[in-house]
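Worksheet: the structure to be examined is printed underneath.
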Amino acid sequence: MDCRTAEGLVNRYIEHELPVNELEEFLEHVQNCPSCYEELETYFIVHEVTQQLDDNSSESVLDFKDLLEQDISSSRHYVRKKKIGWFLIGVSVCLLIVALAAILVYVLMETAHIL
Ligand SMILES: [Zn+2]
């Protein structure tokens with residue numbers, strides 16, 4: 001992913017609207033690209049400030065850098081969890097196919113035996 005693509009995704013990242021594959025590439029890019037990270041930080045802070053103004057809550061968080069780091073780390077966890085989920089689905093499908101193939105072979109052998 002290049003900087004232009006990453007910059008285009010900043011807003012959707014903040015709104016947590018990125019699909020997992022884009023999210024993963026985005027996180028990888030901002031991790032290695034200080035200028036995009038800074039861009040993300042700026043947008044994130046603006047977003048948080050606006051939201052806290054809307055919330056009217058008394059306990060506003062002022063450590064935005066920390067907040068962003070938490071957000072990024074929870075996004076990473078999310079990506080990892082999704083990937084493990086897909087992996088498990090993949091394994092289940094493979095097992096199912098193997099089981100079906102085994103049943104098929106068994107049935108064919110039984111049929112051949114009867115004939
Ligand atoms: Zn960049």
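The values are calculated or read from the model by the stated rules, or taken from the named source; none is laboratory data. Nothing here was measured: the structure is a model prediction, and the numbers come from that model. In case anyone asks, the SASA skips ligands and DNA or RNA and just uses the protein heavy atoms, side chains included. Shrake-Rupley method; radii C 1.70, N 1.55, O 1.52, S 1.80 Å.
Which condition number in (1) within 16 Å of the chain's Cα centre (by Cα); (2) more than 30 Å from ARG4 (Cα to Cα) is the one that VAL107 fails?
(1)
So ALA99 ticks every box in (1) under 30 Å from LEU27 (Cα atoms); (2) of a type in the set (A, V, I, L, M, F, W, C); (3) open to solvent by less than 70 Å² (accessible area, probe 1.4 Å) but one. Which box is left unticked?
Result: ALA99 fails condition (1) only.
Could you tell me how many of the residues in segment 15-30 are at pLDDT below 95 and within 17 Å of GLU69 (Cα to Cα)?
So the answer is 2.
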